[in-house]
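J.: I'd like to ask some things about the structure below.
Values quoted throughout were computed directly from the atomic coordinates according to the rules given, and no laboratory measurement underlies them. Being a predicted model, the structure only gives us computed values, none of them experimental. Reconstructed Cβ throughout: ideal geometry from the backbone, glycine too, with neighbour counts over all protein chains shown.
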Amino acid sequence: MTTTFTPAIPNTNASALTKKRRIAFASYVDENYLPGFLVLLRSLALSNPGVCEDFVVLYDDLRPASVAKIRALHPRIVLQRVNDTHYDSYVKGDQDNYLVRKAYFILDVFRLREYDTIITLDTDMVVLGGLGELLELREGLAAVPQFFYGQHKLNSGLLVIQKEYLSDEFCAKIDKTGRNGEYELDKHDQGILNAVLDGDFVRLDAKYNFVKRRLSGDLPVPEETKILHFTGRHKPWQGGESGYAQAEDRWREFDMNDADFHAAYFASSGGLHHDLVVHFGAPHVKRTGDVEIARKVAA
């Protein structure tokens with residue numbers, strides 16, 4: 001899959017210059033979920049060391065220091081402020097709960113027009129394996145079906161969205177459903193998408209959005225899991241939840257300082273992406289004086 005190894009080129013010209021698909025990851029991030037997002041970025045780099053696509057950060061209240069932490073973990077961060085007032089007209093289960101209000105902001109991803117494929121990731125996820133199969137998808141809107149509701153409804157924690165859905169027409173369907181309230185109000189953005197799609201989505205294997213609830217009773221994380229999703233109120237960076245110690249241990253593998261992260265990246269097996277080598281290598285060399293890494297950065 002050659003797309004994952006294309007050089008970093010400014011957004012406006014990449015498609016015209018390379019004649020290749022534009023692929024991006026995207027997440028909505030705020031100060032409360034920033035610790036989870038930083039772990040997500042580290043896990044993505046360490047589990048997919050040869051992948052470096054744009055990462056669109058949808059935000060509304062990030063502080064400059066928080067943005068700096070994010071940029072330190074990825075060389076192709078694209079900041080996109082959400083149109084938060086747009087969702088005030090949506091019917092919601094609790095209009096006054098700020099977390100409920102923010103749950104809709106990820107829907108701004110459908111208003112992006114410069115990409116052929118966008119992969120959304122919730123900030124309470126950790127990437128444990130290769131995502132090549134997702135990067136190669138070319139049709140439809142793909143997601144993992146909900147754990148408790150069978151095959152008809154999707155879990156919106158991970159979406160693989162193709163360009164046909166990144167359109168004014170699809171956004172109009174989202175807005176219509178949000179404003180008339182004909183969806184599961186307690187499911188927020190996920191409820192709207194399920195109402196709009198009505199089961200018409202590409203089913204992905206559960207390994208790409210393996211929800212924590214599958215591991216109740218402190219079960220180990222299956223080896224084939226690609227993305228582990230810490231659904232529910234209790235997040236690992238907030239102290240976690242009893243009965244999920246082995247799952248939370250996998251999350252903590254990526255809760256590390258910059259020095260350990262850079263060292264872990266250069267110890268990764270497989271090809272390293274040149275943009276990540278430069279981005280992580282320069283501070284690593286400055287800190288350690290590592291001659292071998294300096295040669296890689298220079299090359």
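J.: Tell me the angle of helix 188-197 to the major Cα principal axis of the chain, expressed in degrees between 0 and 90 and rounded to the nearest ten.
T.: 70
J.: With bins 10 Å wide starting at 0, give me the P(r) of the chain over every alpha carbon pair, in whole percents.
T.: That works out to 6, 27, 36, 23, 6, 1, 0, in percent per bin.
J.: Still on this structure: Can you give the charge dipole size of region 146-298 about its Cα centre, rounded to the nearest 20 debye, using +1 on the beta carbon of Lys and Arg and -1 on the beta carbon of Asp and Glu?
T.: Values: 20 positive and 24 negative charges, 22 e Å.
With only Lys, Arg, Asp and Glu charged at Cβ, the dipole is about 100 debye.
J.: Moving to a separate point now. Among Q151, V211, I192, whose Cα sits farthest toward the positive end of the charge dipole of region 141-240 (+1 at Cβ of Lys/Arg, -1 at Cβ of Asp/Glu, about the Cα centre)?
T.: Positive-end residue among those listed: V211.
J.: From the residues A259, V202, N180, which one has its Cα farthest along the dipole of region 164-279 in the positive direction, the dipole being from +1 and -1 charges on Cβ of Lys/Arg and Asp/Glu about the Cα centre?
T.: N180
J.: Please work out the ratio of the alpha-carbon Rg of region 122-244 to 2.2 N^0.38 Å and round it to two decimals. If you can, show how the numbers build up before the last one.
T.: Numbers: Rg = 15.4 Å, N = 123, 2.2 N^0.38 = 13.7 Å.
My calculation over the Cα atoms of region 122-244 gives 1.12.
J.: Over 30 Å between C-alpha atoms is what I'm after, so list which of K92/K226; K176/K207; K20/K235; K176/K235; K20/K176; K69/K212 land there. Display every interim value, and only then the final one.
T.: Numbers: K92/K226 32 Å; K176/K207 32 Å; K20/K235 38 Å; K176/K235 32 Å; K20/K176 34 Å; K69/K212 27 Å.
Listed pairs above 30 Å: K92/K226; K176/K207; K20/K235; K176/K235; K20/K176.
J.: Next up: Which value results when the Cα radius of gyration for region 180-267 is divided by 2.2 N^0.38 Å? Each step should come with its number before you reach the end.
T.: Working: Rg = 16.8 Å, N = 88, 2.2 N^0.38 = 12.1 Å.
Expressed relative to 2.2 N^0.38 Å, the Cα Rg reads 1.39.
J.: What ranking of V29, V57 emerges when the number of other C-beta atoms within 10 Å of each C-beta is taken as an exposure proxy, fewest first?
T.: Working: V29 26, V57 23.
In order of increasing Cβ crowding within 10 Å: V57, V29.
J.: Compute the label zone of L99 within region 16-59: residues whose backbone N is under 16 Å from the point 7 Å along Cα-to-Cβ.
T.: Residues 29-37 fall inside that zone.
J.: For region 227-299, what's the relative contact order in percent, using C-alpha pairs closer than 8 Å and at least 6 residues apart? Write down the numbers at each step before the final one.
T.: Values: 31 pairs, mean separation 13.5, N = 73.
Relative CO of region 227-299 lands at 19 percent.
J.: Ok, one more. Run the helix sum for the chain: -39,500 (n - 2.57) per DSSP H stretch of 4+ residues, divided by residue count, reported at 222 nm to the nearest 500 deg cm²/dmol.
T.: Working: 11 runs with 100 residues, N = 299.
Rounded to the nearest 500, it is -9500 deg cm²/dmol.
J.: Would you calculate the separation in nanometres between label points at N83 and A267, each defined as 7 Å from the Cα along the Cα-to-beta-carbon direction?
T.: Roughly 4.7 nm, to one decimal.
J.: Then there's this: If each of A65 and D175 carries a label point 7 Å out from its Cα toward its Cβ, how far apart are those two points in nm?
T.: Result: 3.9 nm between the two label points.
J.: Using unit Cβ charges (K, R positive; D, E negative) and no other charged atoms, how large, in debye to the nearest 20, is the dipole of the chain about its Cα centre? Show your work: numbers first, answer last.
T.: Numbers: 36 positive and 42 negative charges, 133 e Å.
The calculation lands at about 640 debye.
J.: Simple spin-label model, 7 Å along Cα-to-Cβ: A294 to R138 in nm?
T.: 4.6
J.: In what sequence do W251, W237 fall when counting other Cβ within 10 Å, fewest first?
T.: Numbers: W251 25, W237 20.
So the residues, fewest neighbours to most, are W237, W251.
J.: Sort the following peptides by mean Cβ neighbour count (other Cβ atoms within 10 Å, averaged over residues), highest first: 59-68, 175-184. The partial results should precede the final answer.
T.: Details: 59-68: 13.9, 175-184: 15.8.
Top to bottom by mean Cβ count within 10 Å: 175-184, 59-68.
J.: Non-local amide H neighbours of L154 (under 5 Å, H modeled in plane, Pro and chain starts lacking H): which ones?
T.: Close amide H contacts, sequence-distant or interchain: Q146.
J.: Find which of Y165, G240, T117 sits farthest along the positive direction of the dipole of the chain, computed with +1 on the beta-carbon of Lys and Arg, -1 on that of Asp and Glu, about the Cα centre.
T.: Comparing the listed Cα positions along the dipole, T117 ranks first.
J.: Which distance in Å, rounded to a whole number, links the C-alpha centroids of region 254-299 and region 90-127?
T.: First find each Cα centre; the distance between them is then 32 Å.
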